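The values are calculated or read from the model by the stated rules, or taken from the named source; none is laboratory data. It should be emphasised that the depicted structure is a prediction, and the values quoted were computed from it without experimental measurement. Note: areas computed on protein heavy atoms with side chains; ligands, DNA, RNA excluded. Shrake-Rupley method; radii C 1.70, N 1.55, O 1.52, S 1.80 Å.
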Amino acid sequence: MVKTIVAIGGGELRYKTTGAIDAYVAALAKERAGERRARALFIGTASHDSLPYFNTFRKTYTSDFDVKADVALLTKKDIPMEKIAEKIALADALYVGGGDTLYMLDVWKRTGMIGLILEAYERGTILAGLSAGAICWFKKMYTDSDVSAVSGYAVHDGIGLIEGIMTPHYNSRREFDDVAAGYDLTAYAVEDDAAIVFRNGVLAGSLTSGGKAYSISSGVKEEILPVTD
């Protein structure tokens, strides 16, 4: 069984700027679903469960790709975690939206959501996400949701499924090259409208809807080649 993570550097679902990447995620969900209709669960914790954000996700994945979309609400309604667990169990893909990364991880820790997501990953459920929903899977993440950081950006611990450090929105965060040099980890710098794909924790390649993705190791930056299958 292949365990897959698709980490999207940024973009606008409502304007379909990540369309080619979303098509790839939808195809993975359909492959996992087999003969039944594929399901994708939107997790919008980082945006404080923005319902307009979910509606945009649903229009994209259901209208464009015929993937049944549902939502996991952790901040707006007192929904028992047993219900959330049921939704996760039915999903072929979990899509984590962008927003406040540190807030999202705090909510996930308090509710037990991290454990549920990790269990789904071990079952082969595809993990996908944009910005906050991309960097959270890494050992270290470069995020702008730390209000105490002088520059507005800082490095924090992620969930640790991938041994590395990642920044989203690299097209506007070129200083990440210097930040990455301070860590003995492979760094991943992903522009808006680009993504990187990991299979069983190993980099498989990049995806693009216009943006580029790079790896930085021992001070050497290389563009990540596209996924070939």
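Give the carbon-plus-sulfur fraction of the accessible surface of the chain in %, rounded to a whole number; probe 1.4 Å, heavy atoms of protein chains only. Walk me through the intermediate numbers first.
Values: 5170 of 10280 Å².
For the chain, the apolar C and S fraction of the accessible surface comes to 50 percent.
Counting only heavy atoms of protein chains, what accessible area per residue, in Å², does the range 1-58 have with a probe of 1.4 Å?
45
Amide H neighbours of Asp193 under 5 Å, at least 5 residues apart or on other chains, H built in the peptide plane: list them.
Distant-sequence amide H within range of Asp193: Gly9, Gly10, Gly11.
Hey, what's the range 111-219 come to in accessible area per residue, 1.4 Å probe, Å²?
Per residue, the range 111-219 has an accessible area of 39 Å².
Which of rounded, prolate or oblate describes the range 76-229 when judged by the alpha-carbon gyration tensor and an a/c cut-off of 1.5?
Numbers: a/c = 2.03, a/b = 1.38, b/c = 1.47.
Oblate.
Whole-Hz ³J(HN,Hα) for each residue in the range 101-116, computed from phi via Karplus 6.51 cos²θ - 1.76 cosθ + 1.60 with θ = phi - 60°, x for glycine and proline: what do you get?
Each residue of the range 101-116 in turn: 5, 5, 4, 4, 5, 5, 4, 4, 5, 5, 9, x, 5, 4, x, 5 Hz.
By the gyration tensor of its Cα atoms, with a ≥ b ≥ c the square roots of the eigenvalues, what is the shape of the range 1-144: rounded for a/c under 1.5, prolate for a/b over b/c, or oblate? Don't skip to the answer; put the middle values down first.
Values: a/c = 1.31, a/b = 1.15, b/c = 1.14.
Since a/c stays below 1.5, the shape of the range 1-144 is classed as rounded.
Is the range 1-83 rounded, prolate or oblate when judged by the Cα gyration tensor, a ≥ b ≥ c being the square roots of its eigenvalues, rounded requiring a/c under 1.5 and prolate requiring a/b larger than b/c?
Details: a/c = 1.67, a/b = 1.22, b/c = 1.37.
Oblate, since a/c reaches 1.5 and b/c is not below a/b.
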